[in-house]
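Peer 1: Have a look at this one.
All of the numbers you see were taken from the coordinates with simple rules; none came from a lab. Computed from a predicted model, the values in this text were never measured in an experiment. Cβ: placed from backbone, ideal geometry, glycine included. Neighbour counts: every protein chain shown.
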Amino acid sequence: MIPGGSSLGDPSSAALAELVAVIERERSPAIFAESTEPQALADAVAAEAGADVAVVELFTGSLSEPGTVADTLIGMLLVDAERIAEALGS
């Protein structure tokens with residue numbers, strides 16, 4: 001887990017290196033990022049872990065704009081489930 005916009009603060013270099021090692025060891029195909037948080041740290045971890053690691057944006061803290069795919073709770077849950085299944089199924 002990469003700490004986001006909370007009181008957890010920024011992760012240390014050692015913690016990120018450990019996360020990259022776990023991703024490589026477990027051959028994780030994806031890192032899931034929150035739509036409400038900047039994705040730069042997740043992108044950097046994915047790049048360090050290897051080209052086959054995707055960063056997948058999930059709706060966790062809010063719905064999307066009205067008229068889009070995740071503008072209701074059910075829509076948000078469906079979009080997130082589809083994105084998770086696709087990322088883990090590859």
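Peer 1: Being among the hydroxyl-bearing types (Ser, Thr, Tyr), touching a residue at least 24 places away in the same chain (Cβ under 8 Å) and surrounded by 12 or more Cβ atoms within 10 Å (Cβ to Cβ) is true for just one of 60, 72. Which residue is that? Talk me through it step by step, then tell me what you get.
Peer 2: Numbers: 72 fails: touching a residue at least 24 places away in the same chain (Cβ under 8 Å).
Result of the check over 60, 72: 60.
Peer 1: Let me ask another. Can you name every residue in segment 38-52 that is touching a strand residue (DSSP E or B) at 6+ places or on another chain (Cβ under 7 Å) and acidic (Asp, Glu)? Give the derivation first.
Peer 2: Taking segment 38-52 first, the residues touching a strand residue (DSSP E or B) at 6+ places or on another chain (Cβ under 7 Å) are 39, 42-43, 45-46.
If the condition is that a residue be touching a strand residue (DSSP E or B) at 6+ places or on another chain (Cβ under 7 Å) and acidic (Asp, Glu), then 43 is the only one that fits.
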